[in-house]
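**Q** One structure coming up, written as structure tokens, with questions to follow.
The values are calculated or read from the model by the stated rules, or taken from the named source; none is laboratory data. What you see is a predicted model; the values in this text were computed from it and never measured. Counting neighbours? That spans all protein chains shown, and the Cβs are built from the backbone with ideal geometry, glycine included. These area figures cover heavy atoms from the full protein model, side chains too; ligands, DNA and RNA do not enter into them. Shrake-Rupley method; radii C 1.70, N 1.55, O 1.52, S 1.80 Å.
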Amino acid sequence: MAIISANKKSVRRGYSKTQFRYGMAYVAITFLVLLFLNIYCSGISQRLFYESKEASMVEKCQLASDEIATLEVLSPSTVAGIVSQMESLKITRLLVTDPSGITLYDSSGSAVGSYVLLPEIVQVLTQGTSAPEGYDVFSWFYHDGVMDSRAATPIISYGTLVGCVYMTEHDTSQGALIASLQSTVLRITLFLEIVVILFTLAFSNTFSRRLNRIMTSMRIIQEGNYSHKVNMDGNDELTILGNEFNDLTERLQTSEQKRSRFVSDASHELKTPLASIKLLTDSILQNDMDMDTVREFVGDIGNEAERLIRMTEKLLSLTKAEGAAPDGENEIIYMGPTIRRVARMLQPNAEGVGITFCLELEDDVPILILEDDLYQIVFNLMENGIKYNVPGGRLTVRPYREEDNAYLEISDTGVGIPEDAISHVFERFYRVDKARSRQTGGSGLGLSIVRTIVRRNRGEIQIQSALGKGTTFTVCFPAFDTEVDRT
Ligand code: ADP
């Protein structure tokens, strides 16, 4: 009991660990996927904004640059004059410099006449005349929901660099759009992750409950309750596992029932001769008997002991027949030689009660079997044919083929079997007439052994019997066409 409960704990602990591990792995994987999607979506949206902003800023710069390039002289007043006509630009700050970087125009008004060494302007001017026409610089910075963008482009007149146009834009509306997009994506991600966690919890709970049901059933069966069944609803692998488990338990229960019935039947059967032996020895010890009576009693003790030996031998051979798997050492043999061998062995028994053997071996057929198995079948059936025959009776043994089957027919002219007993004669220890069986040394195991061996060799056995007329046992096996030795 202590071992079982220790097992229970370790199973539970082991299982919850597995459940936790799988649950966490599931949550972590989905978290990583969602995180990647989140970063990817934010990146893509920023990239789209960047590209559209770059296009619009550079276009505005080029527009201003083209207009300014038409001026014959670039001075603060001429530039201011032309810029005032470009109201549609809608930018935060516009700066126009000459080729040396001195500011000619500043929309904020602060830098006119001074050098403004902003990186974008420096980059455009240092290209000098070597710069290809349309050389533009754009930079972008997004922070706290604000989009700051800068663009610079050269002013080129007749192939000469005559200045630079620089623009900045402090865009809060597009910045807010990016911020709201990113927070929406983040919220969706968080929502999905929560759904995943809840789903994982619910799923792993159901899974764990179903698995626990199987494990509880296993423990109940371990404790010896073989009739217990696990009830698994659904239509998945766990249901299949539950059904397989029930099948296994059913088989276990059947074999356990068979085993205990076998043990109780066997002990009951063995008890009878042992009780007789005890009775006979007590009689010898307690009574004053003459030598002849003592000899008679000791003879009876010997007979009972012989019966015990026969019974234990049969029990052993039945256990062996039931436990053995279909044999890989089977050989293709004709039935005739084995029938003749058994007949030779049983000849003295048959002669003792005046039974004649009729061996009709002309239509002999080869079958695939272990010779020892065939011997046991023929011996038990022929022995019964003698034991349950009448004095002067006949025992006929005939192998023959019909279509793809090989048949072995053993018929006697004996007492026959009552109709209601026919279905029971293959049961262990079953005897129609206990007194007769006892008298002939029967154990009630012969036909059980025969049927077990026949079935193990893919065969079937049938009985036809008429009371007072005789009995015919017909054994059927798959036939083989190979030419083999008949001796
Ligand atoms: P036993 O050792 O008692 O012969 P079996 O298992 O061989 O046990 O047979 C079971 C019972 O079937 C026998 O006790 C007998 O009553 C009946 N039986 C078997 N073979 C024959 C037969 N050829 N004719 C009549 N009854 C038979």
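**Q** Determine whether the range 444-458 contains at least one residue that is more than 8 Å from the ligand (Cβ to nearest atom), surrounded by 13 or more Cβ atoms within 10 Å (Cβ to Cβ) and without any contact (Cβ under 8 Å) to a residue 24 or more places away in the chain.
**A** Of all residues in the range 444-458, those more than 8 Å from the ligand (Cβ to nearest atom) come to 451-458.
Subsequent filtering for residues that are surrounded by 13 or more Cβ atoms within 10 Å (Cβ to Cβ) retains 451-458.
After this cut, where a residue has to be without any contact (Cβ under 8 Å) to a residue 24 or more places away in the chain as well, the list is 455.
Yes, the range 444-458 has at least one match.
**Q** So R398 ticks every box in (1) buried (at least 20 other Cβ atoms within 10 Å of the Cβ); (2) more than 7 Å from the ligand (Cβ to nearest atom); (3) among the basic types (K, R); (4) modelled with pLDDT under 95 but one. Which box is left unticked?
**A** So the condition that R398 fails would be (4).
**Q** Give the range 401-430 a look and list any residue that's open to solvent by 30 Å² or more (accessible area, probe 1.4 Å) and either within 7 Å of the ligand (Cβ to nearest atom) or among the hydrophobic types (A, V, I, L, M, F, W, C) (or both), or say none.
**A** Of all residues in the range 401-430, those open to solvent by 30 Å² or more (accessible area, probe 1.4 Å) come to 401-405, 407, 409, 413, 415, 418-420, 422-424, 427-428, 430.
The answer is V415, I422, Y430.
**Q** Another question, if that's okay. Show the residue pairs meeting these rules: Cβ distance below 6 Å; 6+ apart or different chains; first residue within the range 167-192 and closer than 18 Å to T30 by Cα; second residue assigned to a helix (DSSP H, G or I) and open to solvent by less than 50 Å² (accessible area, probe 1.4 Å).
**A** If the second residue must be assigned to a helix (DSSP H, G or I) and open to solvent by less than 50 Å² (accessible area, probe 1.4 Å), the pairs left are V185/N38; T189/L34; T189/N38; L192/L34.
Yes/no per residue for (1) exposed (fewer than 13 other Cβ atoms within 10 Å of the Cβ); (2) outside any helix (DSSP H, G or I); (3) within 44 Å of the chain's Cα centre (by Cα):
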site	(1), (2), (3)
L238	no, no, yes
F245	no, no, yes
S260	yes, no, yes
H268	yes, no, no
D292	yes, no, no
G302	yes, no, no
L308	no, no, no
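**Q** So how many residues does the range 62-83 have that are open to solvent by 70 Å² or more (accessible area, probe 1.4 Å) and either in a loop (DSSP other than H, G, I, E, B) or touching a Gly at 6+ places or on another chain (Cβ under 7 Å) (or both)?
**A** Qualifying residue count for the region: 3.
**Q** Restricting attention to the range 363-406, which residues are of a type in the set (K, R) and either more than 17 Å from P348 (Cα to Cα) or in a loop (DSSP other than H, G, I, E, B) (or both)? First the steps, then the outcome.
**A** Initially, the range 363-406 is screened for residues of a type in the set (K, R), giving 387, 394, 398, 401.
Correct list: R398, R401.
**Q** Right, next: Go through G352, G385 for me and flag whichever is under 22 Å from R310 (Cα atoms) and within 12 Å of the ligand (Cβ to nearest atom).
**A** G385
**Q** Which ones in the range 39-86 are touching a residue at least 12 places away in the same chain (Cβ under 8 Å) and aromatic (F, W, Y)?
**A** F49, Y50
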